[in-house]
Amino acid sequence: AFGVRVEELPLLDAPRPYALASARAELEAWRALEGDRALSERGVRLFTLPVAPLHAALLTSARAHDCLEDMIDLVAALSLSRPLFLAPIEDERDDRKRTGCDATALVRALRSERADDQALSRAALDEARATRARLRRAEGLDGRGPPTGSPFARDAIVRATLGADARLAHRARRR
């Protein structure tokens, strides 16, 4: 970010070479570097958003895939410091199980009217909604978010996720 390689900084405890290589690989995967010294314009954007860099990469990619509002909700739910769901899924008829997709379940939960509708932690839901409002403002949107029960563009989210970092691809396996 300062135009100086980390290895050239006069640090008391220099980072291990493997840690630097891993960090550089992350930045390259997110297309956050220009050459080997400076952050790209995209890299600067990733580090100005109030979330982890990977989540910022998801948001940046979502804009290009026309699913920013849905990705904001997903990132808000993924950024939680505590579990959103109070209990594991045991009933096959549970809405979270029927969606067949954790991302869809998280966004639906965030967009639900009341925490007790889906056995959600009230504190976690409030935290996710506050994060959503902060992200919406950072992206130049109003702070409210989509209405309760609005549809979720799952396919666009998948494309945006793979566009942010192809290493996030996962192939479901039979249990």
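On the stretch given as the stretch 136-162, residues that are without any contact (Cβ under 8 Å) to a residue 24 or more places away in the chain, under 23 Å from LEU49 (Cβ atoms) and not in a loop (DSSP other than H, G, I, E, B) total 3. Taking each residue of the stretch 109-135 that is on the phi > 0 side of the Ramachandran plot and looking for partners that are open to solvent by less than 60 Å² (accessible area, probe 1.4 Å) and at pLDDT below 85 with beta-carbon atoms closer than 6 Å, six or more apart or interchain, yields ALA119/ALA87.
When the stretch 138-160 is filtered for residues that are at pLDDT 90 or above and open to solvent by less than 30 Å² (accessible area, probe 1.4 Å), the ones remaining, listed by number, are GLU139, ALA156, ILE157, ALA160. Say whether the condition of being open to solvent by 50 Å² or more (accessible area, probe 1.4 Å), farther than 17 Å from ALA156 by Cα and modelled with pLDDT under 95 is met by at least one residue in the stretch 55-75. Taking every residue of the stretch 55-75 in turn, none turns out to be open to solvent by 50 Å² or more (accessible area, probe 1.4 Å), farther than 17 Å from ALA156 by Cα and modelled with pLDDT under 95. Checking each residue in the stretch 119-135 for being open to solvent by 30 Å² or more (accessible area, probe 1.4 Å) and part of a helix (DSSP H, G or I) picks out ARG122, ALA123, ASP126, GLU127, ARG129, ALA130, ARG134. When each of ALA77, ALA25, ALA21 is tested for being in contact with a helix residue (DSSP H, G or I) (Cβ under 8 Å, 6 or more places away or on another chain) and either assigned to a helix (DSSP H, G or I) or among the small types (Gly, Ala, Ser) (or both), the lone residue that passes is ALA77.
The values are calculated or read from the model by the stated rules, or taken from the named source; none is laboratory data. What you see is a predicted model; the values in this text were computed from it and never measured. Please note: Cβ atoms are built from the backbone with ideal geometry, for glycine as well, and neighbour counts cover all protein chains shown. These accessible areas exclude ligands, DNA and RNA; they are computed on the full protein's heavy atoms, side chains included. Shrake-Rupley method; radii C 1.70, N 1.55, O 1.52, S 1.80 Å.
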